[in-house]
1. Can you tell me what percent of all Cα-Cα pairs in the range 142-239 are more than 24 Å apart?
2. Rounding to the nearest 20 debye, state how big the charge dipole of the range 375-488 is about its Cα centre with +1 on each Lys and Arg Cβ and -1 on each Asp and Glu Cβ.
3. State which entries of Lys413/Lys450; Lys400/Lys448; Lys71/Lys180; Lys74/Lys111; Lys295/Lys448; Lys251/Lys295 exceed 19 angstrom in Cα-Cα distance in the structure shown.
4. Applying a 10 Å radius around every beta-carbon, put 384-392, 98-106 in order of their mean neighbour count, most first.
5. Can you tell me which of 86-92, 147-153 comes out highest on packing, and rank the rest after it, using the mean Cβ neighbours within 10 Å?
6. Report the full-extension gain for the segment Asp465 to Glu344: residue separation times 0.36 nm, less the Cα-Cα distance, to one decimal in nm.
7. Check cross-link reach from Lys443 to the aspartates and glutamates: straight Cα distance under 15 Å, and skip same-chain residues fewer than eight apart.
8. Taking a label point 7 Å from the Cα of Phe391 along the Cα→Cβ vector, which residues of the range 434-478 have an amide N closer than 14 Å to it?
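Here, each number is a calculation from the coordinates, and none is a lab measurement. Predicted model only: the values in this text are computed from it and were never measured. Note that we place each Cβ from the backbone using ideal geometry, even for glycine, and neighbour counts take in every protein chain shown.
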Amino acid sequence: MRTIVSWRLLTGVKSMNPFLNPIITIPFIKHYLRDPKRIERLTPEDLEKYRDKAFRKIISYAFTIPVYNNKYKKAGIHPSDIRGIKDITKLPFITRADFSENFPDGIIPPKFNKEKGHVICTGGTTGKYCCNSGAQPVCTYTTIHNLLRGSLISSRENRFFNVNWKNSRVAHIGNFNPFKFDEVYDKNVVKYAKSFLSLKNYISMQASSQSEVILNKLDEFRPDVIISYPTIYQDLAYLKRKGFGKNVNPKILFVGGAMLDEYTRSYVENVFGCRMYNTYASCESGAEIAFECSKRNWHIHSDFFHLEAVDENLNPVANGERGRLVITRLWGNGTPIIRYTGMEDWITLGSGEKCNCGLNSPIFGRPVEGRVLSNIILPDGTVYPPSGFLFIVNVLKDFKTYKVKKYQIIQRKLDEIEILIEIDEDMRNDSPSFDELSKKIKKVYTEKTKSKVKIIVTEVDKIKDDPTTGKPAPLVISEINQATCSLT
């Protein structure tokens with residue numbers, strides 16, 4: 001569905017500084033004092049009571065939203081039927097189509113003031129049109145309350161890594177196109193915060209800018225912390241390896257927005273001499289859902305979100321088994337996110353394991369494994385999640401080489417997969433040769449696909465970014481119609 005929305009409605013330009021409004025600042029201060037240390041402060045029993053109370057509150061709010069109200073009525077659900085999170089399976093799922101088809105008025109309360117709300121969109125957008133490109137993009141409403149409270153989740157992570165926003169120089173290289181979360185946050189929080197706080201320690205840059213331009217700005221800024229996409233880091237690491245960006249020596253790198261493979265992690269950490277840590281968020285969640293700790297476990301912010309894992313028929317899978325993410329946000333206003341299936345990521349919930357990093361939060365059974373729509377499906381019905389098909393990483397590790405700048409795996413047909421390779425010209429003559437590399441990659445993938453798939457390894461000058469999303473190119477792409485494939 002293509003929805004046309006006026007520029008004024010989408011931009012939601014505000015003239016008043018929200019930090020001057022006590023209706024905004026007082027709740028924020030309250031949450032600032034309570035939220036970051038909640039999981040450590042509460043016993044498991046008290047935390048579940050908190051989650052149940054938050055869930056009941058968000059369900060009561062959802063009954064004021066037409067799209068939810070209609071679904072719940074059809075399912076015969078009344079607010080009194082929901083006493084806690086254990087009752088969540090009584091509720092119907094919400095899909096991307098539900099939000100797209102009911103945008104704008106059907107996804108907010110009748111009295112919601114659109115002039116004080118902010119629209120955030122997934123996929124491609126332009127200044128005049130919204131939800132008009134990409135794989136069924138979605139728009140939702142957020143508010144200044146949501147933006148501020150979501151930032152407290154990041155403060156929890158910063159505290160764990162000893163990142164002090166007052167002293168640490170932070171560079172954020174993100175997607176600042178119109179209606180993207182980064183742009184909305186910078187325009188409605190960072191912009192006004194500068195009236196009260198010295199933010200000389202913070203800069204933001206557009207990820208689609210030329211890598212040389214980004215690195216030059218970083219060289220002048222000398223960041224302690226960088227936040228960006230995996231591919232951006234790899235581009236910057238490539239330039240730094242060539243002798244540029246001598247003053248870019250960060251202490252920590254946060255990465256999100258795309259899947260981080262072990263080759264990219266190793267390449268970047270080798271160049272910058274510091275650790276990379278995953279963060280997991282989405283436009284719809286409005287905040288980070290989980291993050292990777294120093295022990296490489298992914299911790300879930302369970303006091304802010306409830307996660308479920310389901311199979312392709314939307315039946316729950318057991319903890320420890322791979323499933324499709326269903327997310328519920330336990331806080332906020334604007335458009336609530338309750339049993340939302342639209343993130344389409346593979347996750348594995350843990351079975352109660354605890355991490356020895358010192359945090360008490362629950363952890364994933366394994367890292368997030370990429371988008372469901374990027375599955376690699378073989379002719380015999382075998383399905384690989386994106387992260388499970390990166391056999392090239394072991395090939396590069398065995399050769400002990402960093403001569404590959406980037407790679408991309410594309411399933412062209414059910415029985416044809418092409419692997420694009422971008423070579424570092426300065427290392428072209430280093431061992432192994434491209435022919436050796438190509439033959440080994442082809443051999444490994446032929447074995448893994450049981451000789452039933454044609455494997456093509458192609459050298460390219462440059463792997464292009466995704467033009468529909470404004471984000472760097474994904475590692476794995478499927479061009480087949482997965483709905484018509486038989487899955488096992």
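1. Values: 1056 of 4753 pairs.
Tail of P(r) above 24 Å: 22 percent of Cα pairs.
2. Working: 19 positive and 18 negative charges, 64 e Å.
Value, rounded to 20: 300 debye.
3. Values: Lys413/Lys450 16 Å; Lys400/Lys448 21 Å; Lys71/Lys180 28 Å; Lys74/Lys111 23 Å; Lys295/Lys448 30 Å; Lys251/Lys295 17 Å.
Where the Cα-Cα span goes over 19 Å, the pairs concerned are Lys400/Lys448; Lys71/Lys180; Lys74/Lys111; Lys295/Lys448.
4. Working: 384-392: 20.8, 98-106: 18.9.
Top of the packing list down: 384-392, 98-106.
5. On the way: 86-92: 14.0, 147-153: 21.9.
Result, highest mean first: 147-153, 86-92.
6. On the way: separation 121, 0.36 × 121 = 43.56 nm, distance 2.08 nm.
Going from the current span to full extension adds 41.5 nm.
7. Straight-distance partners of Lys443: Asp398, Glu416, Glu418, Asp435.
8. Residues passing the 14 Å test: 438-457.
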